[in-house]
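Working notes, structure below.
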Amino acid sequence: MTCAETDGTRSRILRAALDLFAEQGYQRTSLRQIAERLRLTKAAILYHFPSKVHLLAALAEPLIRDLEALLDTAGSLPGRQARWTLLEGWVDTMLAHRGPLGMLFHDLALVDRGSTYHRLMQIAMRANEIVAGPDAGRRDRVRAVQAIAMCSDPVVFMIDVPASVLRADMLDGVCRLLGETPPGEQRPVARTTTATDPAAGGGPAAPVR
């Protein structure tokens, strides 16, 4: 098998795995099901990926690389600029990898205790340090952890909200939490929703700003 054929097969396996994980969840998808979808043997899957966890790690790799690059960029900037470069970039990166990868991000924390998991933990710790800033007290560190969660979780749990709307809502929430806005900018304006707006989900008529 040539290198090109190997790369092609590997890419096909990853695409099929991503589709099946999205359709029925990581835990309920077997390597045999992935092989059957591609009309390959299970041994052919194992040739490229020794386990299902290796498949999951490979699928998450683009997201992890982008987050690591963001940390390098933000970490080279001074204080407040570093914080907001990180927060806005984190939202944009999560939105760029929206969909099945959002689910996989959480599955990794549950099933993988290898190098990928440790990279995720290092990413989270570095992000928290940048957002909190130097010489941060306990409350600043707590708010930093909360801010990163605010820039991540809605992307996974509010998949039906348009990306531009969700981005504004998420950054507005972070601004409220931290009591500040990005340098040189006004606070992002979250869209107002009412009971007649489908996004309101039939909730109370009081607007949410």
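Between residues in the stretch 139-153 that are hydroxyl-bearing (Ser, Thr, Tyr) and residues that are modelled with pLDDT under 95, which pairs lie under 9 Å by C-beta distance while being six or more apart or on different chains? Listed by first residue and then by second, the contacts come to Ser152/Met94; Ser152/Gly102; Ser152/Phe105.
Restricting the search to helices (runs of 4 or more DSSP H) fully inside the stretch 1-77 and requiring at least 1 residues that are within 30 Å of Asp92 (Cβ to Cβ), in the same structural domain as Ala96 (by TED's automatic domain parsing) and in contact with a Ser or Thr (Cβ under 7 Å, 6 or more places away or on another chain) gives 52-75.
Meeting the requirement of 2 or more residues that are under 23 Å from Leu77 (Cα atoms), the helices (runs of 4 or more DSSP H) wholly within the stretch 117-182 are 138-150, 163-178.
There is no residue in the stretch 175-185 that is at pLDDT 90 or above and closer than 30 Å to Arg28 by Cβ. Checking each residue in the stretch 58-91 for being of a type in the set (Val, Ile, Thr) and either under 16 Å from Pro183 (Cα atoms) or surrounded by fewer than 21 Cβ atoms within 10 Å (Cβ to Cβ) (or both) picks out Ile64, Thr73, Thr85.
Counting only residues that are within 12 Å of the chain's Cα centre (by Cα) and either of a type in the set (Lys, Arg) or modelled with pLDDT under 95 (or both), the stretch 124-148 holds 1 of them.
The values are calculated or read from the model by the stated rules, or taken from the named source; none is laboratory data. Keep in mind that what you see is a predicted model, and the values were worked out from it rather than measured. Cβ sites come from the backbone with ideal geometry, for glycine too, and all protein chains shown count toward neighbours.
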